[in-house]
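The values are calculated or read from the model by the stated rules, or taken from the named source; none is laboratory data. Here the structure is a predicted model, which means the values were calculated and not measured. Here Cβ is always computed from backbone atoms with ideal geometry, including for glycine, and neighbour counts include all displayed protein chains. Note: accessible area is taken over every heavy atom of the protein model, side chains too, but ligands, DNA and RNA are not part of it. Shrake-Rupley method; radii C 1.70, N 1.55, O 1.52, S 1.80 Å.
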Amino acid sequence: MAEDPLSSLRSALLQTQSPDSSVRKQAEKFLKEMENIPNYPNLLNTLIERYANSTNIEDKNLRTLAAIVFKNLIKEHWSNDDPDTMYNVLSKESREVIKGRMLHIMCTVPPEVQRQYSEALVIISKHDFPNKWPTLLPDLVTQLNSQDITILHSLLLTANSILKRFRFGFKSDELFNELSYVLKGLQELLLVL
């Protein structure tokens, strides 16, 4: 019977921290091969969620490693403008699943994982927001109603990073339309905060 993909992924992530270079290289090779599995980003997210509240030091390391691998996967593969090319490991369906889960996961994990997700979210938003990710702003506003100061802080820093592009963008009708959309979505909430 084949080993559960989550168990294999968990083992490989932990083995990347091995002092034995042959074990480490084998684990890194396995993780690189996993990129060809369409469900790979979802497996990383599932692993992070599964160990989000664990206090075991191995589990803490595991979720941080998984978050870093997830962020690096996004950084390396998201910028491809055509997600359906045979060279892109992130299919259109995978991208939609990732965007649908990002904010929820980011709000349920510890700060060290939130930072990695925040970076990944900023990378995605540079390419997809607002045209290809119209739900980001409403979802962000919904999550900003949280009473948890840690989550609120993380979300505000993420929003700041997403919105930085408007500070120095070349003035155009497209930029003004995007800025107007963002202001309409955020103004009430920011006045309350």
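Structure above, values below:
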{"quantity": "Long-range neighbours under 6 Å by Cβ, at least six apart or interchain, first residue farther than 23 Å from residue 134 by Cβ within segment 99-114, second assigned to a helix (DSSP H, G or I) and of a type outside the set (Asp, Glu)", "calculated": "112/64; 113/63; 113/67; 114/106; 114/154"}
{"quantity": "Residue selected from segment 12-26 under the condition in contact (Cβ under 8 Å) with a residue 12 or more places away in the chain and open to solvent by less than 70 Å² (accessible area, probe 1.4 Å), by the criterion farthest from residue 48 (Cα to Cα)", "calculated": "16"}
{"quantity": "Condition check for residue 168: more than 18 Å from the chain's Cα centre (by Cα), more than 30 Å from residue 35 (Cβ to Cβ) and part of a loop (DSSP other than H, G, I, E, B)", "calculated": "yes"}
{"quantity": "Test result for residue 163, among the hydrophobic types (A, V, I, L, M, F, W, C), without any contact (Cβ under 8 Å) to a residue 60 or more places away in the chain, in contact with a Leu (Cβ under 9 Å, 6 or more places away or on another chain) and open to solvent by 40 Å² or more (accessible area, probe 1.4 Å)", "calculated": "yes"}
{"quantity": "Residues that are open to solvent by 70 Å² or more (accessible area, probe 1.4 Å) and in a helix (DSSP H, G or I), drawn from segment 27-59", "calculated": "28, 29, 32, 33, 50, 57, 58"}
{"quantity": "Of the criteria (1) within 13 Å of the chain's Cα centre (by Cα); (2) crowded, with 17+ Cβ neighbours inside 10 Å; (3) under 28 Å from residue 177 (Cβ atoms), which one residue 100 fails", "calculated": "(2)"}
{"quantity": "Count of segment 113-139 residues which are touching a Lys or Arg at 6+ places or on another chain (Cβ under 8 Å), in a helix (DSSP H, G or I) and open to solvent by 20 Å² or more (accessible area, probe 1.4 Å)", "calculated": "4"}
{"quantity": "Among residues of segment 27-69, those that are among the hydrophobic types (A, V, I, L, M, F, W, C), touching a residue at least 40 places away in the same chain (Cβ under 8 Å) and more than 15 Å from residue 14 (Cα to Cα), counted", "calculated": "1"}
{"quantity": "Per-region count, segment 15-26, residues assigned to a helix (DSSP H, G or I) and either touching a Leu at 6+ places or on another chain (Cβ under 7 Å) or under 26 Å from residue 93 (Cα atoms) (or both)", "calculated": "0"}
{"quantity": "Lone unmet requirement of (1) surrounded by 14 or more Cβ atoms within 10 Å (Cβ to Cβ); (2) farther than 20 Å from residue 46 by Cβ for residue 149", "calculated": "(1)"}
{"quantity": "When residues of segment 166-189 are limited to those that are hydrophobic (A, V, I, L, M, F, W, C) and open to solvent by less than 90 Å² (accessible area, probe 1.4 Å), the one farthest from residue 105 (Cα to Cα)", "calculated": "175"}
{"quantity": "Single residue of 98, 151 found to be out of contact with any Pro (no Cβ under 6 Å at 6 or more places or on another chain) and β-branched (Val, Ile, Thr)", "calculated": "151"}
{"quantity": "Some residue of segment 77-91 being outside any loop (DSSP other than H, G, I, E, B) and crowded, with 16+ Cβ neighbours inside 10 Å", "calculated": "yes"}
